[in-house]
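The values are calculated or read from the model by the stated rules, or taken from the named source; none is laboratory data. Small disclaimer: the values here were computed from a predicted structure and weren't measured. With ideal geometry, Cβ positions are generated from the backbone for all residues, glycine too; neighbour counts draw on all protein chains shown. For the accessible areas, the whole protein counts, side chains as well, though only heavy atoms, and no ligand, DNA or RNA atoms are used. Shrake-Rupley method; radii C 1.70, N 1.55, O 1.52, S 1.80 Å.
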Amino acid sequence: MNDNSLTRIQPDWYSPTRLLDTPVVYDFPGDRFIPNRSLMDLDQAHTLLINRTNNKLRKPNFNDEYRRKMEENLKLDVEGRPFRMLVFRGSPKSSRQSTRLIDEMRRSDKEIPLQTNENRRYRKFPLKASRALDAPLLSDDYYSNVMDWGKSNILAVVLGSILYIWNAQVQKAGVLMEVKREDDCPTSVAWSDDGKIVAVGCDSSKLQLWDAETSRLVRDLQGHQSRVGCVAWNGHILTSGSKDRSIINHDVRARSNLVSVTRAHGGEVCGVKWSSTGNALASGGNDNLVYIWDSFKTSSRHYMHRFNEHHAAVKALAWCPYNSDVLASGGGIDDGCLKIWNTQKGTCISTNDTGAQICGLQWNRHHKEILSGHGFGTGESHCQLCLWSYPSMARIGEPLRHASSSRILHLSQSPDGLTVVSAGADETLRFWEIFGPPQESSENVTHLDNLLSLKALAVR
């Protein structure tokens, strides 16, 4: 055993030599009447006590030389090392916390108010949708993105060949555009950041901009060769993904709209999402890949990261609202995994096998949670809405579903982040008050409100 080991036990542990060779560190001073002898030369003191001499004591000469010698003898040991004979110390440091620290912890505990039944606020989760809207001819297509809730509190949704807009404030619907050819139906929609313009991608590869206030076509954007299944805005830049495997950035202000064309995916581009800061773009494809692009280097050779851990198409993408470096992605029916990525480090933070196709993801801006909308699968999440706590990814509450056992195709949330709308293959839109802050009480909820929550209204 090493001689320097702190755990060794000497039979002469109480000897002055041991105390001198092993200095002890102290954390607070002790009682002034109890000297600590660890730094005293007890060997010399013991020798002077037992050494009897016949020399008569002489009256000491208290001159300066005597005082200097006395200080040397009192401050230096036999080997010339400095020490003080009477040094008052406290107990040695140990692995236990000092009593003063414990007292501080107790005082801090007293300062924290306890939560009682009187001041505790509970979060209320819905058991059913607060509103349901009839949505006939809603396309049961995993690869389309035909619903978006804009900042002006207007919901855009494609039913068949018609693009409807539904004003959530006045609860009225209207027609924004209608196509005449069946092969030219809208397959993707996205509101601009100011909530005034709707970008519409079509099955025929057309990409159009529509003014929601005047219901007029503002512009046609060219570049794709096949259907445009996903679109996303970043200021004046509109990004579109297509079945032709390309991602195009359009500058809607410029006469020549093409900014960059990226061909990195080996299959149809199913989803595109810009981060909240606008510095990064995420894209998911039918090749089971997720790419992260720098906003200044959106070309095929300059992607930031390439994630290949999914085993099915990736449509559902969502950036974390309180951490711009965190991205959530969901795989298709042969994957069913909800993955959380650190896009700065290029690593996977967590993987949650939901057992069902993930068609949509929405982050909760009021609580650290994420909502997933599911399609077909063999697990408990089959055709359901599931709420997950972040970062533990533990499921919260019971799953929610549409009236029939039909898959959930699309998710979007209101501008205030309190309500989520889901579009299902049962041709209904259902609104869920699932993201709201804790409610103080349920006294304001009347029986009439409960009855109205079961009422189905038509969009058109």
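How much of the accessible area of the range 154-252, in percent, comes from carbon and sulfur atoms when a 1.4 Å probe is used? Intermediate values should be presented prior to the final figure.
Details: 1700 of 4030 Å².
Solvent-exposed carbon and sulfur of the range 154-252 make up 42 percent of the total.
Given a cut-off of 26 Å, name the pairs among LYS151/LYS243; LYS243/LYS368; LYS172/LYS243; LYS297/LYS345; LYS172/LYS206; LYS180/LYS273 whose C-alpha atoms lie farther apart than that in the structure shown. All intermediate terms of the calculation are to be shown ahead of the outcome.
Working: LYS151/LYS243 28 Å; LYS243/LYS368 34 Å; LYS172/LYS243 34 Å; LYS297/LYS345 18 Å; LYS172/LYS206 28 Å; LYS180/LYS273 30 Å.
Violating the 26 Å limit, Cα to Cα: LYS151/LYS243; LYS243/LYS368; LYS172/LYS243; LYS172/LYS206; LYS180/LYS273.
Collect residues whose amide H, placed 1.01 Å from N in the peptide plane, falls under 5 Å from the amide H of ALA264; neighbours closer than 5 in sequence don't count.
Amide H to amide H, under 5 Å and 5 or more residues apart or across chains, ALA264 pairs with ILE247.
Would you calculate the separation in nanometres between label points at ASP244 and ARG395, each defined as 7 Å from the Cα along the Cα-to-beta-carbon direction?
My value for the distance between the label points is 4.2 nm.
If each of ASN279 and VAL261 carries a label point 7 Å out from its Cα toward its Cβ, how far apart are those two points in nm?
3.1 nm
Based on the alpha-carbon gyration tensor of the range 229-361 and its eigenvalue square roots a ≥ b ≥ c, which shape applies: rounded if a/c is under 1.5, prolate if not and a/b is larger than b/c, or oblate? Please list the in-between numbers first.
Values: a/c = 1.90, a/b = 1.48, b/c = 1.28.
Since a/c reaches 1.5 and a/b is larger than b/c, the shape of the range 229-361 is classed as prolate.
Once you keep just the Cα pairs under 8 angstrom separated by 6 or more residues, what percentage relative contact order results for the range 347-405?
Here the relative contact order equals 26 percent.
Hey, what's the range 217-309 come to in accessible area per residue, 1.4 Å probe, Å²?
Working: 4200 Å² over 93 residues.
Per-residue value: 45 Å².
Per residue of the range 272-286, what does 6.51 cos²θ - 1.76 cosθ + 1.60 with θ = phi - 60° give for ³J(HN,Hα)? Whole Hz please, x for Gly and Pro, Karplus curve as stated.
9, 9, 8, 5, 5, 7, x, 8, 9, 10, 10, 9, x, x, 6
By its C-alpha gyration tensor, with a ≥ b ≥ c as the square roots of the eigenvalues, how is the range 307-434 shaped: rounded for a/c under 1.5, else prolate for a/b larger than b/c, else oblate? Numbers along the way, then the final one.
Details: a/c = 1.81, a/b = 1.22, b/c = 1.49.
Here the range 307-434 falls in the oblate category.
Classify the range 344-401 as rounded, prolate or oblate from the Cα gyration tensor: take a ≥ b ≥ c as the square roots of its eigenvalues, call it rounded if a/c is under 1.5, otherwise prolate when a/b beats b/c and oblate if not. Walk me through the intermediate numbers first.
Values: a/c = 1.93, a/b = 1.35, b/c = 1.43.
Oblate.
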